[in-house]
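**Q** Have a look at this one before I ask anything.
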Amino acid sequence: MTIQFRPDETYRDDYTYANSPECIARAPFPFPDDEYMYSMNLEPHVSVGDAALKAVFDIDEHYISECRDRAITLEKDPGMHYVSAPHMMEAQWDLLELIMESYANDYPEYFSLEKDGSRWHWTNKLLGIDDRFTFGDPATLPYEPMEYITRQAQGDWVLQEERDGTLYWGAGIATQRADYSLRFNLGMAWHEFHGPVPLVKETGMLDRALKFLLRLRCGHPVRRLNWSLTVNPRLDVSAESLPDWAPDRTTVTAENAGKLVYLRIELQPLHRLPRSNAIVFPIRTYLLNLEDIATNPAWAKRMHRVLKSLNQDLVDYKGFTRYRDAAVEWLSQFDDGRDEEVAKAG
Amino acid sequence: MSLSNGTLNVRVARIEAVTPEIKRFTLVSTDGAHLPPFSGGSNVVVLIPHASGTYRNAYSLMSSPYDSSAYQIAVRRVEDGRGGSRQMHQAVNEGDVLEILRPVNLFPLSKHARLHLFIAGGVGITPVCSQLAELRLRGTPFEVHLAVRGAEHARLGEELQREYGDAVRLYRNDIDQRLDIAAVVADRPLGSHLYVCGPESMIQGAIDSARAQGWTDSHIHYERFLEQGSAGEAFSVTLARSGATIEVSPDQSLLEAAEAAGHEIPYLCRGGACGMCETDVLELDGEILHTDDWLSDEDKAANKKIMPCVSRAKCSRLVIDC
């Protein structure tokens, strides 16, 4: 498979990020129904089709520019967007191995990994990297293993440690986070970091999901989809950079919503890691503005209905209270109120 | 979580008797490649075929997590058990190929402990073996206190003593060397973690001793084998919509049996968590063995619903709305 990369696009300032029609078509559209409510939409992470669910960890035409945007964000605020507790080093090596092996298997034309005992040779043609290092020895890499490999990976990554019958955030890289702080969440347990999510505690869903994840086995990853909205194709929407992006929320009107409002789709394939017994929680983000969505009439119709009927607590939590109505109004032109096409949208 | 394609084929490279009751099996991959890496304290489920089905027994991995060229397990022959360990002792030979599930860790080491204290009895030493290999590499201090019945049961402990020296203490009942758990946990520094694997009385004794010393439960760990996937006794189920009656074998889930017979039941997680396969029970003569996390306690007690991906039945008749 050959990908036409867009190496020069930007996720800030002049926002030259754009999707090709092929890239829109391969995105994992997250709405199976006309109404959205949190659910345990976990399924075995097995390869399906030829799009975003094919590889263990998906990459697309934005790979090079997204890695560059990550480097910019990391450099701007050192110590803010990559953090790891000291005892997570083993899990970091597990993650490095999993990403390297997965990329090399799924995209042999771009990545290769050769192992000679613990002496490894990694090449990444897309970013011009050719490194030899000793697996298990952090001194042989320019960064800690997790930062090293996730600087070369699309999406955010969190390592969770299993302890006392729950999961704790032990390490993470998050340069494209939807409105929270990685440093703040580090060390939190499952029920703490999910505490602010409305409407899930009451249903018992948090307890059930935790039990399920604690039974997660090596070699049997599972995946789920989540989503949010952002104004402009901006990846770094962390709590720390809020002054930079929050004002954009006031610029949305029913006329410009198609261009300005982006659906952030998060593909989350969770894996148990073998040596550390940690669980990796990746958040691979796809950014499609409403005009991109509208190239698929069934998607646009469904998204109109989802946003229009969405529970206000979820609107507030996901942070688009100010411009929900404008987005709904823009999308309404694609909804004739009839139902037959919508059934195909999932 | 029961996925029928989740097994590994391994060849039995070596079998050796280490005590009158325990045999050690060395397992290698059938294609010469390394087996999947694992963490100290992990176990594998071995599928043991026998005349009328398959036993699924979990055994701790006792080899080093840093050498995945082979796995080692120790099988203690249990005369009055279900028969799986007898089958392993009698019918499995060097060179045979077995199916196992990938390693699972239900007894992981604490990454925060300053001192690891292990209490073990007999074959309960096996998960500790792989944990010690991990700790030695990490350089964290540990002590092992292992109780055995007599000299001929001491070989695993003596091997560990040769490997780790004074950190391993052996107590032999036949010469009246008593393991005093309360003394082991007394006056230990904050940051010590206790791990127990052995007979139920030993586990309870260790928990009680540690609590009596003011330890929190977060610092007390014990091995408890949870059933992996859906396995149990065979039963049959009728799918009301097609009228088909399906036999569910001991190592299959209801969902897998239905799929094998060409029926589609909607599913997502296949682990009893997501609610997708929830199905109404239309007729039941017997009881449902609920093993899911989805249904409420009231739902489970009412027996009007079942999760076909993990739950089973012990009944003469079961009809579900599929």
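**Q** With the condition kept exactly as written, say whether any residue in the stretch B:188-202 is free of Cβ contacts under 8 Å to residues at least 40 places away in the same chain and within 14 Å of another protein chain (Cβ to nearest Cβ).
**A** No, there is no match, as no residue in the stretch B:188-202 is free of Cβ contacts under 8 Å to residues at least 40 places away in the same chain and within 14 Å of another protein chain (Cβ to nearest Cβ).
**Q** Another question about this same structure. Specify which of the listed residues (A:78, A:32, A:28) is farther than 30 Å from residue A:259 by Cβ and part of a loop (DSSP other than H, G, I, E, B).
**A** Answer to the selection: A:78.
**Q** Do you know which residues across the stretch B:281-317 are within 14 Å of another protein chain (Cβ to nearest Cβ), surrounded by 17 or more Cβ atoms within 10 Å (Cβ to Cβ), part of a loop (DSSP other than H, G, I, E, B) and not acidic (Asp, Glu)?
**A** B:290, B:291, B:294, B:295, B:307, B:309, B:310 - these are the residues of the stretch B:281-317 that are within 14 Å of another protein chain (Cβ to nearest Cβ), surrounded by 17 or more Cβ atoms within 10 Å (Cβ to Cβ), part of a loop (DSSP other than H, G, I, E, B) and not acidic (Asp, Glu).
**Q** Being within 14 Å of chain B (Cβ to nearest Cβ), more than 15 Å from the chain's Cα centre (by Cα) and within 25 Å of residue A:221 (Cα to Cα) is the filter here, so list the residues in the stretch A:46-90 that pass it.
**A** A:46, A:47, A:48, A:84, A:85, A:87, A:88, A:89, A:90
**Q** Tell me, yes or no, whether the stretch A:296-310 has at least one residue that is in contact with a Pro (Cβ under 6 Å, 6 or more places away or on another chain), in contact (Cβ under 8 Å) with a residue 60 or more places away in the chain and on the phi < 0 side of the Ramachandran plot.
**A** The answer is no; no qualifying residue exists.
**Q** Residue B:47 fails exactly one of the following numbered conditions: (1) away from chain A (no Cβ under 14 Å); (2) crowded, with 23+ Cβ neighbours inside 10 Å; (3) among the hydrophobic types (A, V, I, L, M, F, W, C); (4) under 16 Å from the mean Cα position of the chain (by Cα). What is the number of that condition?
**A** Condition (2) is where residue B:47 drops out.
**Q** For residues in the stretch B:87-107 being hydrophobic (A, V, I, L, M, F, W, C) and in contact with a His (Cβ under 9 Å, 6 or more places away or on another chain), which is farthest from the other protein chains (Cβ to nearest Cβ)?
**A** B:91
**Q** I've got another one for you. Condition test on residue B:248, is it within 14 Å of another protein chain (Cβ to nearest Cβ) and within 25 Å of the chain's Cα centre (by Cα)?
**A** So residue B:248 fails the test.
**Q** Give me a count of the residues in the stretch B:155-204 that are surrounded by fewer than 13 Cβ atoms within 10 Å (Cβ to Cβ) and β-branched (Val, Ile, Thr).
**A** 1
**Q** Please enumerate the residues belonging to the stretch A:244-303 that are hydroxyl-bearing (Ser, Thr, Tyr), farther than 23 Å from residue A:150 by Cα and part of a strand (DSSP E or B).
**A** Across the stretch A:244-303, the qualifying residue is only A:262.
**Q** Let me ask you something else. Please work out if residue B:107 is part of a loop (DSSP other than H, G, I, E, B) and either at pLDDT below 95 or within 22 Å of residue B:201 (Cβ to Cβ) (or both).
**A** In short, yes.
**Q** What number goes with the only condition from (1) within 14 Å of another protein chain (Cβ to nearest Cβ); (2) buried (at least 21 other Cβ atoms within 10 Å of the Cβ) that residue B:133 does not pass?
**A** That leaves (2) as the condition not met.
**Q** Tell me whether the stretch B:183-204 contains one or more residues that are in contact with an Asp or Glu (Cβ under 7 Å, 6 or more places away or on another chain) and within 21 Å of residue B:131 (Cβ to Cβ).
**A** Yes - at least one qualifying residue is present in the stretch B:183-204.
**Q** Same structure again: With the structure loaded, tell me whether residue B:84 is buried (at least 17 other Cβ atoms within 10 Å of the Cβ), touching a residue at least 12 places away in the same chain (Cβ under 8 Å), small (Gly, Ala, Ser) and within 14 Å of chain A (Cβ to nearest Cβ) or whether it fails that test.
**A** Spelling it out, it is not the case that residue B:84 is buried (at least 17 other Cβ atoms within 10 Å of the Cβ), touching a residue at least 12 places away in the same chain (Cβ under 8 Å), small (Gly, Ala, Ser) and within 14 Å of chain A (Cβ to nearest Cβ).
**Q** Out of the residues in the stretch A:178-237 meeting the condition of being away from chain B (no Cβ under 14 Å) and β-branched (Val, Ile, Thr), tell me which one is surrounded by the fewest Cβ atoms within 10 Å (Cβ to Cβ).
**A** Out of the qualifying residues, it is A:197.
**Q** For the list (1) closer than 18 Å to residue B:231 by Cα; (2) within 14 Å of chain A (Cβ to nearest Cβ), I need the number of the one condition that residue B:275 fails.
**A** Answer for residue B:275: the failing condition is (1).
**Q** Is it true that residue B:128 is over 24 Å from residue B:8 (Cα atoms), β-branched (Val, Ile, Thr) and part of a helix (DSSP H, G or I)?
**A** No; evaluated as a whole, the condition is false for this residue.
**Q** Hey, among the residues in the stretch A:238-257 that are modelled with pLDDT of 95 or more and buried (at least 19 other Cβ atoms within 10 Å of the Cβ), which one's nearest to residue A:46 (Cα to Cα)?
**A** This residue is A:257.
**Q** For the stretch B:108-120: of the residues being in contact with a Lys or Arg (Cβ under 9 Å, 6 or more places away or on another chain) and more than 14 Å from chain A (Cβ to nearest Cβ), which is farthest from residue B:21 (Cα to Cα)?
**A** Taking the candidates together, the pick is B:115.
**Q** Still on this structure, please answer the following. Being in contact with a strand residue (DSSP E or B) (Cβ under 6 Å, 6 or more places away or on another chain) and β-branched (Val, Ile, Thr) is the filter here, so list the residues in the stretch A:135-157 that pass it.
**A** If the condition is that a residue be in contact with a strand residue (DSSP E or B) (Cβ under 6 Å, 6 or more places away or on another chain) and β-branched (Val, Ile, Thr), then A:140, A:150 are the ones that fit.
**Q** May I pose another question? When the stretch A:204-239 is examined, which residues are found to be of a type in the set (D, E, K, R), in contact with an Asp or Glu (Cβ under 7 Å, 6 or more places away or on another chain) and part of a helix (DSSP H, G or I)?
**A** A:208, A:211
**Q** I'm checking my understanding of the structure. Among residues of the stretch A:178-203 that are in contact with a helix residue (DSSP H, G or I) (Cβ under 8 Å, 6 or more places away or on another chain) and outside any loop (DSSP other than H, G, I, E, B), which one is farthest from residue A:157 (Cα to Cα)?
**A** For the stretch A:178-203, the residue satisfying everything is A:191.
**Q** Taking residue B:311, is it under 25 Å from the mean Cα position of the chain (by Cα), among the hydroxyl-bearing types (Ser, Thr, Tyr) and under 27 Å from residue B:50 (Cβ atoms)?
**A** Yes.
**Q** Identify, by number, the condition in (1) buried (at least 22 other Cβ atoms within 10 Å of the Cβ); (2) over 24 Å from the mean Cα position of the chain (by Cα); (3) farther than 18 Å from residue A:263 by Cα that residue A:330 doesn't meet.
**A** Answer for residue A:330: the failing condition is (3).
**Q** Within the stretch A:138-145, is even one residue aliphatic (A, V, I, L, M), part of a helix (DSSP H, G or I) and surrounded by fewer than 16 Cβ atoms within 10 Å (Cβ to Cβ)?
**A** Yes, there is a match, as at least one residue in the stretch A:138-145 is aliphatic (A, V, I, L, M), part of a helix (DSSP H, G or I) and surrounded by fewer than 16 Cβ atoms within 10 Å (Cβ to Cβ).
The values are calculated or read from the model by the stated rules, or taken from the named source; none is laboratory data. Everything quoted here is computed from the prediction, not taken from an experiment. Cβ sites come from the backbone with ideal geometry, for glycine too, and all protein chains shown count toward neighbours.
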